[in-house]
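The values are calculated or read from the model by the stated rules, or taken from the named source; none is laboratory data. Not measured: the values here are computed from a predicted model. All Cβ positions, even for glycine, are placed from backbone atoms using ideal geometry, and neighbour counts span all protein chains on display.
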Amino acid sequence: MTLKPFTSADADDAFSCITPSLTRFMSWDPPASREEFDQVWRAWLLTIQDGSDFVFVSRSAVDNQFLGLVGLHRAQTENPELGIWIREDRHGNGFGREAVTAVADWASTHLKPSSFSYPVAEQNGASRRIAESLGGVAVAQRADRKYHAVIYQIPPQ
């Protein structure tokens, strides 16, 4: 797997993989149109440029197939937030853990946070296992719009 910051060249691949079933455990819903998604990713480019938020594209090292996105939100704070989504037809292959680990490693070296926050839907066992594999401990809960969330605190890697 490879990771690189999101660019406009990644927009078609990302948009084609966003489905209602993929986003059932996300705090956001699928964009209603390509135009709506274009507004979203254009905002990402600005936050990547200013270093406040990062969205990384994960691709297969074998064939460069788009795998998903990894977010590092509130990057300049003591407790940045990690987030991940992997395209549905590639679930269960360890790409999520590999991608989150790589971003946490990079951020630990370059940004030196005291810890990471990792909110996850209580019912999303795969994402919960990612947090726990990185030493994450559930420290809070909250009711989000779509689901009940568990907030993990992950130590720097």
Point to revise | F56, sole failed condition from (1) in contact with a helix residue (DSSP H, G or I) (Cβ under 8 Å, 6 or more places away or on another chain); (2) closer than 26 Å to Q157 by Cα; (3) part of a helix (DSSP H, G or I) | key: (3)
**Study point:** Residue count, segment 125-135 (criterion: at negative phi and either under 14 Å from the mean Cα position of the chain (by Cα) or small (G, A, S) (or both))
**Key:** 7
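Can you say whether A61 is exposed (fewer than 13 other Cβ atoms within 10 Å of the Cβ), at pLDDT 95 or above and small (G, A, S), as far as the supplied structure shows? Break it down stepwise before answering.
Values: exposed (fewer than 13 other Cβ atoms within 10 Å of the Cβ): yes; at pLDDT 95 or above: yes; small (G, A, S): yes.
Taking the combined requirement at face value, the residue satisfies it.
Looking at R97, R128, R42, can you tell me which residue is surrounded by fewer than 18 Cβ atoms within 10 Å (Cβ to Cβ), part of a helix (DSSP H, G or I) and not small (G, A, S)? Walk me through it before giving the result.
Details: R97 fails: surrounded by fewer than 18 Cβ atoms within 10 Å (Cβ to Cβ); R128 fails: surrounded by fewer than 18 Cβ atoms within 10 Å (Cβ to Cβ).
Checking each option against the conditions leaves just R42.
Looking at the structure I just gave you, is S108 crowded, with 20+ Cβ neighbours inside 10 Å and not hydrophobic (A, V, I, L, M, F, W, C)? It would help to see each step written out before you state the result.
Details: crowded, with 20+ Cβ neighbours inside 10 Å: no; not hydrophobic (A, V, I, L, M, F, W, C): yes.
Considered against the rule, which asks whether it is crowded, with 20+ Cβ neighbours inside 10 Å and not hydrophobic (A, V, I, L, M, F, W, C), S108 comes out as no.
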Exercise for review: Find the residue count for segment 24-49, including only residues that are under 15 Å from the mean Cα position of the chain (by Cα) and among the charged types (D, E, K, R).
Suggested key: 2
Exercise for review: Scan P119, P113, P80 and give me the residue that is of a type outside the set (G, A, S), free of Cβ contacts under 8 Å to residues at least 40 places away in the same chain and surrounded by 18 or more Cβ atoms within 10 Å (Cβ to Cβ).
Suggested key: P80
Point to revise | Residues within segment 125-157 that are out of contact with any strand residue (DSSP E or B) (no Cβ under 7 Å at 6 or more places or on another chain) and among the polar types (S, T, N, Q), tallied | key: 2
**Study point:** Hits in segment 7-23 - residues which are touching a Leu at 6+ places or on another chain (Cβ under 8 Å), in a helix (DSSP H, G or I) and either on the phi > 0 side of the Ramachandran plot or of a type outside the set (A, V, I, L, M, F, W, C) (or both)
**Key:** S8
Revision key, fill the gap. Taking segment 26-63 and keeping only residues that are under 15 Å from A75 (Cα atoms) and of a type outside the set (G, A, S), one is left with W44, L45, L46, T47, I48, Q49, D50, D53, F54, V55, F56
Check your understanding: Which residue out of S52, S21 is exposed (fewer than 11 other Cβ atoms within 10 Å of the Cβ) and within 17 Å of the chain's Cα centre (by Cα)?
Key -> S21
Check your understanding: List pairs: first in segment 138-157 and aromatic (F, W, Y), second outside any strand (DSSP E or B), Cβ under 7 Å, 6+ apart or cross-chain?
Key -> Y147/F25; Y147/E122; Y147/Q123; Y152/A131; Y152/G136
